[in-house]
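A short write-up of the structure that comes next.
Read-outs throughout are calculated quantities, based only on the coordinates presented, and are distinct from any laboratory measurement. Because the structure is a prediction, the values reported are computed rather than measured. Quick reminder, even Gly has a Cβ in these numbers, built from the backbone with ideal geometry, and neighbours come from all protein chains shown.
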Amino acid sequence: MSDSVLFRNGIVLTMDDRHTVLPDADVLVVGERIAEIGVGLAAPEGATVIDASGGILMPGMIDTHRHMWQTAMRGYGADWTLTQYFVWYYLESGRLFRPEDVHAGNLLAAIEAVDAGVTTTVDWSHGLQTPQHADAAVDALQAVPGRFVLAYGNIQQGPWEWSASPGFRDFVSRRITPGDDMLGFQMAFDVTGDPAFPERAAFEVARELGVGVTTHAGVWGATNDDGIRLMHENGFMTPRTVYVHAATLNHDSYHRIAATGGSVSVSTESEQSAGQGYPPTWILRDHDIGVSLSMDTSVWWSGDLFSAMRTTLGADRSREHMEAHGRAETVTHVHLRAEQVVDWATRGGSRALGLDGVVGSLEPGKKADVVLIKNDDSPAMFPILNPYGHVAFQAQRGDVHTVLVNGRIVKRDHKLVGVDLAAAREQVGRTIDHLRGEMGEEAWARGMNPDIPETKVRDNPYTYTEWDAGSAQWKH
Ligand SMILES: [Zn+2]
């Protein structure tokens, strides 16, 4: 059997450095890599030929921050703020997650990612209370044919504690292979701004292991400019550092991030409703800081980057208009373009993760993470006039027709291939039973339904009136 795949006649968004768009071209994949892109390519003998006409071919999308374990609780926190989230995961029910529960959440999240054309996902895994939890997280990621980065964390301990434990070192040596582009590794922890800078020890471990750090920074009420300053003054800000949210920092902090080459993982859907701060792309653009996109957690939000691109455009433009109106001005031309958010959803991620030589664009020689967006049954997939705009504002996860990861077909004709969704369903069901049983029905219901603040309707100086056309007078 041949190991080549030929996509025929698609609109190809290469996302190469020049953002080359080919309106009607073929993409040939041989083995793990993209072999050729062009018009009228010859199909190798035995190649799988996929008709991409009427569709868009683009690189697999890259999510740089997702707490995959929490997908087991999908949608539970729809009405939360960050406060309820912290109480639930940090103080109360997060502790109830056993290794099998982390496995269940990760399995479902990993399948969901590849289904949505997200071929690389950073598992911001801060529920690793023991190395057994970490083994379970990786077992789940390796059971799904996607590309992942395990960002190891544990919210139940200080990073200086868990990163110094023999169990952590043992896990890294057993499960992580430097240079493996299918399963990368980062360390995930936050910097509180404590002047004693206890996080130093964890940064030193990261440096010794040669791995990047990902950190929630500039989160209203949680992390601030002191954390950035301490990292910078102690030499721990590097081009591999990923700052998640970075929504409430001052210019000095953004200057430090820009000067050290780091990037920001923007989770617009999350920032808009949880309260970390206004989605920061408007100010990151000002500082020329690299951006990648992320979904954060499916305990609240969707798990696909179409939503991220759409909300990010909306938030950035909303801010631009609002600020202009505050100056009594009109924005006639928006700064942020659809093309840019498609770049952030692909190249932004590959750059942030140090994988830009491997994935992120459709170019010969790169690993073949390819997404075909095509849906002949959808009235929203015709006409495709502005392909970047189509990806950002028209397409959605149901339009993901075919997905290749590392040259392997993992979804075809809208159906997952070689993925055991039934197993994930069963495992997640057991986790829900466990959590619900441990918490009790009352606490379970309370956790999902936070109190609603009192709403006051303004006093209205006018009374309800209706115009009477017959008498040409207001009726009272
Ligand atoms: Zn997060």
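Mark the label point 7 Å from the Cα of Ala258 along Cα→Cβ and return the residues of region 318-340 whose backbone N is within less than 19 Å of it.
Inside the label zone: 320, 335-337.
What's the magnitude of the charge dipole for the chain around its Cα centre, counting Lys and Arg as +1 and Asp and Glu as -1 at the beta-carbon? Answer in Debye, nearest 20. Present the calculation step by step, with values, prior to reporting the outcome.
Working: 39 positive and 62 negative charges, 59 e Å.
For this selection, approximately 280 debye.
Return the percentage of antiparallel bridges among DSSP beta bridges fully within region 45-156, rounded to the nearest 5 %. Don't skip to the answer; put the middle values down first.
On the way: 1 of 11 bridges.
Expressed as a percentage, antiparallel bridges in region 45-156 total about 10.
Grab the eigenvalues of the alpha-carbon gyration tensor for the chain, scale each by 5, take roots, and send me the semi-axes largest first in whole angstrom. Intermediate results must be reported in sequence, preceding the final value.
Details: eigenvalues 238, 208, 120 Å².
Semi-axes from the Cα gyration tensor: 34, 32, 24 Å.
Give me the one-decimal nm value for the distance between modelled label points at Asp139 and Glu426, 7 Å along each residue's Cα-to-Cβ direction.
About 1.4 nm, to one decimal.
What's the ranking of 200-206, 167-173, 333-339 by average number of surrounding C-beta atoms within 10 Å, highest first? If you can, show how the numbers build up before the last one.
On the way: 200-206: 19.4, 167-173: 15.7, 333-339: 13.9.
The packing order, highest mean first, is 200-206, 167-173, 333-339.
So, R0 is 51 Å and r is the distance between the beta-carbons of Thr463 and Glu363; what FRET efficiency does that work out to, to 0.05?
It comes out at approximately 0.15.
With the crude spin-label approximation of a point 7 Å out along Cα→Cβ, what separation in nm comes out for Glu438 versus Met322?
The answer from the label model is 3.8 nm.
Per Stokes-Einstein, at 4 °C and 1.567 mPa s, what whole-number D in µm² s⁻¹ belongs to region 1-43, with the Kirkwood radius over Cα pairs as the hydrodynamic radius?
120
Working out 0.36 nm times the residue gap between Glu45 and Ser165, then minus their Cα-Cα distance, what length gain in nm do you get to one decimal? Show your work: numbers first, answer last.
Values: separation 120, 0.36 × 120 = 43.20 nm, distance 5.32 nm.
So the chain would gain 37.9 nm between Glu45 and Ser165.
Considering only C-alpha atoms, what is the centroid distance from region 132-179 to region 232-297, in Å?
So the two Cα centres are separated by 24 Å.
Largest first and in whole Å, give the semi-axes of region 275-396's equivalent ellipsoid, each being the square root of 5 times a Cα gyration tensor eigenvalue. The partial results should precede the final answer.
Numbers: eigenvalues 136, 77, 45 Å².
Listed largest to smallest, the semi-axes of region 275-396 are 26, 20, 15 Å.
What residues of region 365-404 lie in the reach of a label at Arg412, counting those whose backbone N is under 13 Å from a point 7 Å from the Cα along Cα→Cβ?
It comes to 402-404, nothing else.
Report the label-to-label distance for Asp377 and Ser471 in nanometres (one decimal), using points 7 Å from each Cα along the Cα→Cβ vector.
About 5.9 nm, to one decimal.
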